[in-house]
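Here's the structure we're looking at; comments come further down.
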Amino acid sequence: ERLLLDFLADLGIPLIECKQKYNFMDSKIKEEVPKAIEAKMEKYNLDEIFHNTFSCQFGYQHKYAAADIVQALCATLEYGDSSFDSKQAVYNGLDILSRDNATKLSEAIEKAREQNMAIVRMAQNILDSKQILSAGPFLYSVIQEGTPNISYLSRHSTIKILAHFLQQGHISNSRSRKAADLPLILVAPVDEKAGLSVVVGIPPFNDKTRKNFLGKAFEQTVKNTQTRFLIDYWDSSLIQIKTEDRSKFLDGLMGLL
C-alpha cells in the first residue's frame, strides 16, 4: 500500500482525487493519468498496463469498457457466499447485458471490484504467511477449511485468477530461480458440507506455449491413488476431490511429475 501511495505521489495525482470514483475525477487529471503512468512504467518495473479494448455508452450514461463488462459478468456468475444460487446468477448475468439495466451493470462492476479486492487480500495473506511450498516438481498451496470468505473465491474462473496472481506474486518474492519454471497447484475448499475441495493447476510462468498438461496429470493421479473425484468443469486443469484425500492426491501427483 505504501508503494502504491508513493507511485501515485510520483505521478502527481492528489490523494483526494485518487479516492474518488474515476467518473467523478477532474477531467484534466483523467487526461493526464495515462501519459503519467506510461512515463513511470520503467521506473516501477511495470508492463502490460495498457491494452486495447472496445467501449460502449448507453445514452448519457457512463462509458463502459468491454473488459469491465467481462469482469462484471464473471463476478455476477461466481461471486457469492455458500448460499450462492448459480442458476439465478445466469439470469442476473443476462439482465446486465440489456441496455435497459444500466443500473444493474454499474452494481455488477462494483461487485467485480469487491471480488478483485478479495482476491488481492487472500493472495497477500498466503504470500505473507509463506504458504506456497515446493514439492520438487511443482509448487503448491493448500487453503484450509474455515478460511474466511473462501467460498467467494473457490469457483471456476475466480480460483484460476487467484492461482495466477499467487504464482506471479511468489515468483516476484522468491529467491529461487526455479520458481518461474515450476507449475503451481492450488487446493481450496469448494463445498465444506460435502467435504469437497477444488484443485487447480497453473503451468510454469516461463512456459510461453500456454499448453496446460496438468489436467492429464490430475486424471492419472486420481486413478493411481484411488482418489475420489468429481469433474465438474469444462477446463480439465480443474478438478474436485474429497478433502480427506487431499494428501494422497498431492503425494501421487509428486510421484507422477
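The values are calculated or read from the model by the stated rules, or taken from the named source; none is laboratory data. Not measured: the values here are computed from a predicted model. Note that each Cβ is placed from the backbone with ideal geometry, even for glycine, and that neighbours are counted across all protein chains shown. Quick note on the areas: whole protein, heavy atoms, side chains included, nothing else; ligands and nucleic acids left out. Shrake-Rupley method; radii C 1.70, N 1.55, O 1.52, S 1.80 Å.
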Q) Say we look at the stretch 230-254 and pick out the residues that are at pLDDT 90 or above and among the small types (G, A, S); which of these is most open to solvent (accessible area, probe 1.4 Å)? A) S247
Q. Does E78 satisfy being in contact (Cβ under 8 Å) with a residue 60 or more places away in the chain and either of a type in the set (D, E) or surrounded by fewer than 14 Cβ atoms within 10 Å (Cβ to Cβ) (or both)?
A. yes
Q: Taking only the stretch 89-146 into account, find how many residues are more than 18 Å from the chain's Cα centre (by Cα), part of a helix (DSSP H, G or I) and among the hydrophobic types (A, V, I, L, M, F, W, C).
A: 6
Q) Residues of the stretch 147-175 being in a loop (DSSP other than H, G, I, E, B) and either basic (K, R) or open to solvent by 60 Å² or more (accessible area, probe 1.4 Å) (or both), which ones? A) P148, N149, R155, R175
Q. What are the residue pairs meeting all of these: first residue in the stretch 212-229, first residue within 11 Å of L257 (Cα to Cα) and at pLDDT below 90, second residue surrounded by 14 or more Cβ atoms within 10 Å (Cβ to Cβ) and polar (S, T, N, Q), Cβ atoms under 7 Å, and 6 or more apart or on different chains?
A. L214/S237
Q: State whether one or more residues within the stretch 131-139 are open to solvent by 60 Å² or more (accessible area, probe 1.4 Å) and modelled with pLDDT under 90.
A: no
(Q) Here's a check for you: in the stretch 47-75, which residue that is among the acidic types (D, E) and surrounded by fewer than 17 Cβ atoms within 10 Å (Cβ to Cβ) is nearest to E114 (Cα to Cα)? (A) E48
(Q) Taking the conditions exactly as written (in a helix (DSSP H, G or I), open to solvent by less than 50 Å² (accessible area, probe 1.4 Å), of a type outside the set (S, T, Y) and at pLDDT below 85), does E17 satisfy them or not? (A) yes
Q.
What's the total number of residues in the stretch 198-228 that are under 15 Å from G252 (Cα atoms), part of a loop (DSSP other than H, G, I, E, B) and open to solvent by less than 90 Å² (accessible area, probe 1.4 Å)?
A. 1
